[in-house]
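Here is the structure we will look at.
We did not get these values from a lab; they are worked out from the coordinates using the rules stated. Predicted model, so just to flag it, every value in this text is computed and none were measured. Cβ placement follows ideal geometry from the backbone for every residue including glycine, while neighbour counts extend to all protein chains displayed.
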Amino acid sequence: MVRVRLENLSKHFGKVKAVDNLNLEIKDGEFISLLGPSGCGKTTTLLMVAGIYKPTKGYIYFDDRVMNDVEPRDRNVGMVFQSYALYPHMSVFDNIAFPLKLKKVPKNEIRNRVVRVARMLGIYELLDRKPGQLSGGQQQRVALARALVKEPDIFLMDEPLSNLDAKLRIQMRAELKHLQRELGITTIYVTHDQVEAMTMSDRIAVLNKGKLQQYGTPDELYNRPANLFVAGFIGSVPINFIEGTIRRQDGDLILDGIDYIFKIPKEYIGILDHIDEGEDIILAVRPEHIHIKRGEYTGKVYVVEPLGRDKIVHIDIGAGIIRALVPGEEDVNEGDKIKFTFDTTRLHFFDKKTGKVIL
Ligand SMILES: Nc1ncnc2c1ncn2[C@@H]1O[C@H](COP(=O)(O)OP(=O)(O)OP(=O)(O)O)[C@@H](O)[C@H]1O
Ligand SMILES: [Mg+2]
């Protein structure tokens, strides 16, 4: 087990700052995710930790040792990629054994270690097959076994589940998480799928354009997003952003939009105290924190999307549409004029200019 620390870590490709001054600490045995859209620098970060890319600037520490100049093979990391890159002509056994053969581990020990990880991952019966004779999930486990057999200090995984169908992905998600807990190997997991990151990680580092946006537990990212980017990225049904100008009126605080006016609940008057009248802010509220058929606001139902347990109700509020997530049995139809309200303990306010949360 190893603690990993990235200090002012940057990687530039010509003018592109793929990773821009990243600071991150991963505790012994912790499972963290690097989460962000395509091109935000996730893979580049992982490859620097593995030693395949040299940083342009900054440092990588394993415990207190600077690793920048340590060769990849001496870092003792296990990597699993999106494309499992199994050798098609080799048996499952030989695929798993491959890293140990490279290290010239004695034959007997190779046999013991391969059998042990194969048993652990439930692929012992498949050791004689070729990768082409396996299902996607089984291939995935072989790739994991190959990374694990080295008994790495650190596990690096780059979108390892993206080739699997939805059902298998959910199953493997749980298996991976369980396995990581059992082995206690410090893990950095790369994904652009916020559900994957939220369900599996102790902490999540959200990246955008090479820059760290926020580093926190799933709970912190969901309940206390630091900026508009994180607020918009986390959440199965995307959060609503409602723009407006701050006005004060008879002791009330008003969010004045183009075509709508929201009275800001008094719970939030305190935090908005230092915002001048006329400033533009953004109110963010998650669909699950909007309640319909009651409350002080009105809108017209634009579209209803049934999801079984829930429904997404799109409400036209004049200058935009907001989404509410309501119970599936709620009777609501396109064209209905409906009332709605917000859960007044679950609102977020952001400065429109900086995108930062107003605290
Ligand atoms: N070898 C390279 N040469 C030049 N530019 C690169 C190279 N590798 C990555 N980049 C650029 O660096 C940025 C970050 O790339 P990276 O592969 O780290 O993104 P990512 O977050 O892993 O994206 P994805 O989710 O699509 O895999 C991108 O703009 C990419 O085009
Ligand atoms: Mg990538």
- Task: Return the tail of the calculated pair distribution for the stretch 40-140, meaning the percent of Cα-Cα pairs more than 19 Å apart.
- Result: 54
- Item | Phi to ³J(HN,Hα) by Karplus 6.51 cos²θ - 1.76 cosθ + 1.60 over the stretch 103-110, Hz, x for Gly, Pro | 7, 6, 6, x, 3, 4, 5, 4
- For all pairs of alpha-carbon atoms in the stretch 240-351, what percent lies in each bin of width 5 Å, listed from the first bin to the last filled one? 2, 12, 23, 24, 17, 11, 7, 4, 1
- Task: Enter the angle in degrees (range 0 to 90, nearest 10) between the Cα long axis of helix 92-102 and the first principal axis of the Cα atoms of the chain, meaning the one along which they spread out most.
- Result: 70
- Here the residues of the stretch 64-91 lying in the modelled label zone of LEU102, meaning backbone nitrogen under 19 Å from a point 7 Å along Cα-to-Cβ, are 68-91
- Message: Below 15 angstrom from the Cβ of MET1, what's the summed charge of the other residues (Lys, Arg +1; Asp, Glu -1)?
- Response: -2
- Please work out, to two decimal places, the log10 of the ratio I(q)/I(0) at q = 0.10, 0.16, 0.17 Å⁻¹ from a Debye calculation in which every Cα of the stretch 110-238 carries one identical scatterer. -0.38, -0.85, -0.93
- Task: Using DSSP, restrict attention to beta bridges with both residues in the chain and report what percent are antiparallel, rounded to the nearest 5.
- Result: 75
- Message: For a quick check: sort MET1, MET157, MET67 by the number of other beta carbons within 10 angstrom, fewest at the front.
- Response: MET1, MET67, MET157
- Message: Apply the Karplus curve 6.51 cos²θ - 1.76 cosθ + 1.60, θ = phi - 60°, to the phi angles in the stretch 309-323 and return the couplings in whole Hz, x for Gly and Pro.
- Response: 5, 10, 10, 9, 10, 8, 10, 7, 10, x, 9, x, 10, 10, 10
- Mean Cβ count within 10 Å, highest first, over the residues of peptides 242-255, 202-215: 202-215, 242-255
- Item | Near-label residues of the stretch 179-203 by backbone N, under 18 Å of a point 7 Å along Cα→Cβ of ASN223 | 198-203
- Item | Cα convex hull volume per residue for the chain (Å³) | 166
- Message: 7 Å from Cα along Cα→Cβ at both LYS352 and ASP69: what's the point-to-point distance in nm?
- Response: 5.3
- Relative to the chain, whose Cα atoms define the longest principal axis, helix 166-183 and its Cα axis are tilted in degrees, nearest 10, by 60
- Task: Pop out the ³J(HN,Hα) list for the stretch 66-76 in order, Karplus 6.51 cos²θ - 1.76 cosθ + 1.60 with θ = phi - 60°, rounded to Hz; leave Gly and Pro as x.
- Result: 6, 9, 3, 9, 7, 4, x, 5, 9, 8, 6
- Message: Compute the helix-to-body angle for 136-148: its Cα long axis versus the longest principal axis of the chain, expressed 0 to 90° and rounded to tens.
- Response: 60
- Residue order, fewest to most beta carbons within 10 Å, for HIS192, HIS12, HIS274: HIS274, HIS12, HIS192
- Item | Residues MET90, MET79, sorted so that the one with the fewest Cβ neighbours within 10 Å comes first | MET90, MET79
- Note on the structure: Taking 0.36 nm per residue of separation between VAL195 and LYS209 and subtracting their Cα-Cα distance, the length gained on full extension comes to 3.0 nm
